[in-house]
Amino acid sequence: MLIFALPVLLAAVLGTAPSGADIYAAKCASCHGAQQWGSPDGPSLHRVGLADVDFYLSTGRMPAAAPWVQVAHRDERAGQQLPLAEIRVLEDYLAPVVAGGPPLPEVVSGNDLEHGHQLYEMNCQQCHAVGGDGGSIGRSDWAPALHQATIDQVADAIRAGPGEMPRFGERQLTQSDLDDVAGYVLAMQNAQPGSSIPSRSSGPVPEGALGYLAIIVLMTFVFGYWRHDKGGSIK
């Protein structure tokens with residue numbers, strides 16, 4: 001690993017900016033392979049798309065602290081998350097390799113927050129919860145909270161579909177849809193306590209459990225009433 005890092009260390013000593021190739025060799029090659037075809041410690045990067053690369057790098061999930069271990073929003077002082085300037089250099093270097101997947105999306109905060117709210121309820125709320133708090137989605141998988149996500153990271157995730165998240169292309173969400181739902185996520189982050197965005201909720205799993213419990217109680221009552229009506233008493 002030290003050998004891979006030598007070009008970046010030398011660039012730092014000489015006061016020159018490391019190249020994309022140097023950054024890749026130091027931070028990525030040990031898991032994704034020298035030719036980006038992957039290894040037992042990391043997947044291939046060919047045709048994954050710049051949206052995918054940007055999401056993992058900008059959120060700090062990559063470079064990974066250990067193979068297959070992703071931790072989001074790590075402080076740069078921990079020596080893992082790359083500075084934005086290095087992320088852009090690395091993305092330029094990888095652009096020919098990852099071409100063919102979702103490109104970097106262009107997104108602005110949409111004006112129609114009500115439409116964004118509707119889109120969030122339809123496509124996001126089941127996993128990320130009403131308030132964007134995230135939660136378990138089964139097995140050991142977890143939908144992350146959205147409180148620290150930037151508008152670009154939201155757009156990256158929607159288009160790239162990282163991890164267990166489905167990919168939403170132009171056919172599923174138009175550019176206008178993307179702007180609106182990303183704008184709504186930002187509105188949730190900035191909402192004051194007691195405001196209507198977001199509305200308070202315990203999340204999809206507890207609410208679903210309460211719904212099933214209500215149905216069971218109702219069915220028990222109906223069945224008991226039917227037995228009384230038919231036989232005069234419960235046998």
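Considering segment 66-164, the qualifying helices (runs of 4 or more DSSP H), each wholly inside and each with 3 or more residues that are assigned by TED's automatic domain parsing to the domain that holds residue 178 and buried (at least 16 other Cβ atoms within 10 Å of the Cβ), run over 113-123, 125-128, 151-160.
Evaluating residue 198 against the criteria (1) more than 16 Å from the chain's Cα centre (by Cα); (2) at pLDDT 90 or above; (3) surrounded by 18 or more Cβ atoms within 10 Å (Cβ to Cβ) leaves one unmet condition, (2). If you go through segment 117-142 and keep only what is at pLDDT 90 or above and farther than 16 Å from residue 173 by Cβ, you end up with 129, 130, 131, 132, 133, 134. Counting only residues that are among the β-branched types (Val, Ile, Thr), part of a helix (DSSP H, G or I) and surrounded by fewer than 18 Cβ atoms within 10 Å (Cβ to Cβ), segment 165-190 holds 0 of them. Is it fair to say residue 229 is of a type outside the set (Phe, Trp, Tyr), surrounded by 11 or more Cβ atoms within 10 Å (Cβ to Cβ) and either modelled with pLDDT of 95 or more or not in a loop (DSSP other than H, G, I, E, B) (or both)? Taking the combined requirement at face value, the residue does not satisfy it.
The values are calculated or read from the model by the stated rules, or taken from the named source; none is laboratory data. Computed from a prediction, not measured in an experiment: that's the story for all the values here. FYI the Cβ positions are ideal-geometry reconstructions off the backbone, even for glycines, and counts take in every protein chain you see.
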